[in-house]
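A short write-up of the structure that comes next.
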Amino acid sequence: MADAAATTKLAELILKRIRTRGDITFASFMESALYEPDLGYYTSPGRKVGAEGDFYTSMNVHSAFGRLIAREIGRFFELLGSPASFTVAEAGAGGGQLAQDILDAAAEENPALYAALTYRLIEKEPSLKEAQAARLERHAEHLAWSTPEELAKGELSFTGCIISNELFDAMPVHLVEMTESGLKEVFVSADGDGFREKLLAPSTSELENYLRRFEVRLMPGQRAEINLAAPAWIASAAKALERGFVLTVDYGYLAEELYTPQRRNGTLLCYYKHSTNEDPYRQVGEQDITTHINFSALIEAGNEAGLASAWYGEQYRFLLGVGLMDELMKLEAQAKDEQESLKHRLAIKKLMLPEGGMGDTFKVLIQAKGVEKPQLLCMRKWGMGL
């Protein structure tokens with residue numbers, strides 16, 4: 001995985017930094033690869049998502065994804081007593097596609113929610129604000145923006161919900177490996193050929209504490225990723241909510257399945273032009289680097305911060321519960337011809353099905369604050385009533 005030659009401006013910059021200041025943790029390398037100003041994967045110009053980009057997310061497959069999330073948000077609104085002011089804060093809003101689908105659906109299907117709604121886009125990359133504002137122009141009076149730093153510092157406070165779609169999988173992670181002499185952390189070094197990995201003592205005791213907390217026993221030679229930023233983010237989200245919900249869509253597992261010995265090399269994966277590889281040292285700044293997330297960590301961090309776990313399950317179960325079949329029938333009824341109808345069916349199939357689809361790879365976690373045992377739409381059996 002190491003020894004890759006530097007091929008990008010960002011790779012050269014990171015190598016120079018290492019040679020000047022010393023070896024860095026893999027988490028620091030990943031942070032730079034994804035978020036280095038103007039050069040990182042998410043902070044440089046260019047289309048990342050969809051047919052012209054490097055990967056798809058559920059919202060790019062079909063607008064039904066956002067419309068169905070809007071239905072559950074409508075349920076959140078009801079459960080909170082239909083307040084006069086209701087905020088939907090989306091973390092990592094990207095180009096604004098999910099925001100558009102949710103706002104369009106609320107405007108068409110839930111006038112009371114739409115009237116009370118402020119849609120707050122929480123975005124790290126400042127240049128995206130202009131693109132988001134242009135895309136969401138028809139909803140301009142309902143828009144607001146915040147930075148991740150404002151969320152982290154506890155500067156936001158509202159009733160409503162915080163949602164994210166594939167936010168956690170792109171957070172920098174520490175890489176650890178179990179050796180015969182105990183737990184080591186992967187550091188990134190530099191030699192004449194480029195990047196080289198070193199196994200050194202863990203940079204923080206939090207890594208061993210994390211494995212103990214989730215009763216993870218790594219086998220000799222087994223690698224694993226540890227996301228220390230995710231629990232902190234959940235704590236910030238809980239603090240921002242006076243009352244409401246946190247809805248997370250991402251790919252991952254509970255701890256016992258994530259850290260199984262069968263995943264000897266962990267789950268780290270890179271995406272470049274719709275192809276995958278396991279070498280994060282290639283095309284640095286030009287390929288996405290992701291890992292599966294530990295939903296147990298999100299649930300535990302939420303519990304500690306006052307968020308009760310209300311629902312957790314596969315994406316297909318969530319979508320069926322909130323009314324996917326109703327949505328598909330409506331789309332087919334509105335289709336102008338059989339070709340358009342088929343297009344809808346194929347897209348819905350991709351959202352639902354395992355093995356090549358997104359139906360069970362992606363999970364949904366809903367956490368609640370200030371709402372006792374909420375009866376959510378996704379709890380319905382195949383959308384057939386609560």
For this session: Please report, ordered by residue number, the strands (runs of 3 or more DSSP E) entirely within region 148-224 with at least 2 residues that are among the charged types (D, E, K, R) and modelled with pLDDT under 95.
Result: none
For this session: Would you tally the residues in region 345-386 being in a loop (DSSP other than H, G, I, E, B) and at pLDDT below 65?
Result: 11
Problem set entry | Residue list for region 226-271, restricted to those being open to solvent by 10 Å² or more (accessible area, probe 1.4 Å), in a strand (DSSP E or B) and in contact with a His (Cβ under 7 Å, 6 or more places away or on another chain) | 251, 253
Problem set entry | Count - residues of region 103-142 that are under 20 Å from residue 237 (Cβ atoms) and either among the charged types (D, E, K, R) or over 21 Å from the mean Cα position of the chain (by Cα) (or both) | 6
For this session: Have a look at 92, 50 and point out the one that is at pLDDT below 95, within 26 Å of residue 156 (Cβ to Cβ) and of a type outside the set (Ser, Thr, Tyr).
Result: 92
Exercise. Given the conditions (1) at pLDDT below 95; (2) over 16 Å from the mean Cα position of the chain (by Cα); (3) in a strand (DSSP E or B), which single one is not true for residue 282?
Worked result: (3)
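Conditions tested, residue by residue: (1) open to solvent by 30 Å² or more (accessible area, probe 1.4 Å); (2) over 24 Å from residue 249 (Cβ atoms); (3) of a type in the set (A, V, I, L, M, F, W, C).
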{"residue": "115", "(1), (2), (3)": "yes, yes, yes"}
{"residue": "121", "(1), (2), (3)": "no, no, yes"}
{"residue": "127", "(1), (2), (3)": "yes, yes, no"}
{"residue": "141", "(1), (2), (3)": "yes, yes, no"}
{"residue": "146", "(1), (2), (3)": "no, no, no"}
{"residue": "152", "(1), (2), (3)": "yes, no, yes"}
{"residue": "167", "(1), (2), (3)": "yes, no, yes"}
{"residue": "171", "(1), (2), (3)": "no, no, yes"}
{"residue": "182", "(1), (2), (3)": "no, yes, no"}
Exercise. Within the bounds of region 83-99, is there any residue that is in a loop (DSSP other than H, G, I, E, B), open to solvent by 50 Å² or more (accessible area, probe 1.4 Å) and free of Cβ contacts under 8 Å to residues at least 40 places away in the same chain?
Worked result: yes
For this session: Take residue 137 and decide whether it is surrounded by fewer than 21 Cβ atoms within 10 Å (Cβ to Cβ) and at pLDDT below 95.
Result: no
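The values are calculated or read from the model by the stated rules, or taken from the named source; none is laboratory data. None of these values were measured; they are calculated from a predicted model. Virtual Cβ from ideal backbone geometry, glycine too; neighbours counted across all protein chains shown. These accessible areas exclude ligands, DNA and RNA; they are computed on the full protein's heavy atoms, side chains included. Shrake-Rupley method; radii C 1.70, N 1.55, O 1.52, S 1.80 Å.
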